[in-house]
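Below is one structure, written out as structure tokens, with a few remarks after it.
What follows is calculated from the coordinates using simple rules that are stated; it is not laboratory data. Note that this is a predicted model, so its numbers are computed, not measured. As a convention, Cβ positions derive from the backbone with ideal geometry for all residues, glycine included, and neighbour counts pool all protein chains shown.
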Number of protein chains: 2
Amino acid sequence: MSALFKQLESTNRDDTLPSTSDLLDAVKYNEQGLIPAIAQQFDSGEVLMMAWMNREALEETLRTDRVCYYSRSRGKLWRKGESSGQQQQLKSATLDCDGDTLLLQVEQTGPACHTGRRSCFYVAITPTHAHITSEPLIDPAELYGQRS
Amino acid sequence: MSALFKQLESTNRDDTLPSTSDLLDAVKYNEQGLIPAIAQQFDSGEVLMMAWMNREALEETLRTDRVCYYSRSRGKLWRKGESSGQQQQLKSATLDCDGDTLLLQVEQTGPACHTGRRSCFYVAITPTHAHITSEPLIDPAELYGQRS
């Protein structure tokens, strides 16, 4: 863990903190320069998805209040909803204790998942069996046009 | 994405699913054999932490209903709460659409964070400033003995 995040462990709510720019310098990006970002619907608490951000995506997200990830498969910034219309408006962004994971509180327009489900988490597992926990709100063909 | 998770996209709630063992074969572990696991307090919805699991940790968690991660720094299984007493009892485990992230609904005993805070997410960032969003519930020295 960076010295800065170590120091924040014993910081109180009314203490003056380093600038966001200094914090982003101390964030522990992985070997690909990425940090995982969990998106949670701000009012219901539902966890919608997890995706990745590089520093540029995170800075754009903070600046615009519209969530922008980094697509590992496409190798470029991914402005959530740019093809589906299912955007995420940022309510707050919070780093964790060791500065290597981000929690985003968002207002999700429609489904977060490319399958048309509200949340990407829908394959529940037990020691032996699995089951599907939710159905699509909308046909993915409608979200993305007739590509499939 | 694996063919199996692709197939689950259009599976309904009453369809018969593959066994958990087949699903765990199809999970997309990273180069270190790990998958990120988000822990959420099952009733309040609070996101407590994110850590990593290998297949062995995930199987043990499902079998025992007590959350076991894989510690990347220690290079071994990490039964959450084994030194602090702050265990996580598993309520449910759900994989995401592309089988590379896990959401755990848990009953967290006391604080989840090693700093004594309930959640590990407490460094809120805006475009310019940061602030601490929560205080420790308990002194970490008490959680871990007088090591610090």
- Which of (1) more than 10 Å from every other protein chain (Cβ to nearest Cβ); (2) buried (at least 19 other Cβ atoms within 10 Å of the Cβ) is the odd one out, the single condition residue B:38 does not satisfy? (1)
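Residues of region A:8-43 being of a type in the set (S, T, N, Q) and within 19 Å of residue B:101 (Cβ to Cβ), which ones?
Passing the criteria: A:30, A:32, A:40, A:41.
Listed here are the residues, each with its yes/no results for (1) crowded, with 21+ Cβ neighbours inside 10 Å; (2) of a type in the set (Phe, Trp, Tyr); (3) in contact with a helix residue (DSSP H, G or I) (Cβ under 9 Å, 6 or more places away or on another chain).
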position	(1), (2), (3)
A:46	no, no, no
A:63	no, no, no
A:89	no, no, no
A:95	yes, no, yes
A:108	yes, no, no
- Message: When the residues of region A:100-118 are narrowed to those that are facing another protein chain (nearest Cβ under 8 Å) and assigned to a loop (DSSP other than H, G, I, E, B), which ends up nearest to residue B:8 (Cα to Cα)?
- Response: A:115
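Take residue A:79 and tell me if it is of a type in the set (Lys, Arg) and over 22 Å from residue A:144 (Cα atoms).
no
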- Exactly one of (1) on the phi > 0 side of the Ramachandran plot; (2) in contact with a Gly (Cβ under 7 Å, 6 or more places away or on another chain) is unmet by residue A:87. Its number? (1)
- Message: Yes or no: region A:85-93 includes at least one residue that is closer than 16 Å to residue B:121 by Cβ and at the interface with another protein chain (Cβ under 8 Å from one of its Cβ atoms).
- Response: yes
- Query: Which members of region A:94-118 meet the condition of being among the hydrophobic types (A, V, I, L, M, F, W, C) and within 25 Å of residue B:126 (Cβ to Cβ)?
  - Reply: A:95, A:97, A:102, A:103, A:104, A:106, A:112
- Task: Give the number of residues within region A:105-143 that are under 17 Å from the mean Cα position of the chain (by Cα) and among the hydrophobic types (A, V, I, L, M, F, W, C).
- Result: 5
- Message: I'd like to verify a number: residues in region B:1-30 that are at the interface with another protein chain (Cβ under 9 Å from one of its Cβ atoms) and either acidic (Asp, Glu) or surrounded by 15 or more Cβ atoms within 10 Å (Cβ to Cβ) (or both), how many?
- Response: 12
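If you take the residues of region B:117-133 that are closer than 12 Å to residue A:96 by Cβ and small (Gly, Ala, Ser), which of them is surrounded by the fewest Cβ atoms within 10 Å (Cβ to Cβ)?
Looking at residues that are closer than 12 Å to residue A:96 by Cβ and small (Gly, Ala, Ser), I get B:124.
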- Task: Would you point out the residue of region B:1-46, among those that are of a type in the set (A, V, I, L, M, F, W, C) and farther than 25 Å from residue B:76 by Cβ, that is nearest to the chain's Cα centre (by Cα)?
- Result: B:42
- Task: Within region A:119-148, track down each residue that is part of a loop (DSSP other than H, G, I, E, B) and more than 7 Å from every other protein chain (Cβ to nearest Cβ).
- Result: A:119, A:134, A:136, A:137, A:138, A:139, A:144, A:145, A:146, A:147, A:148
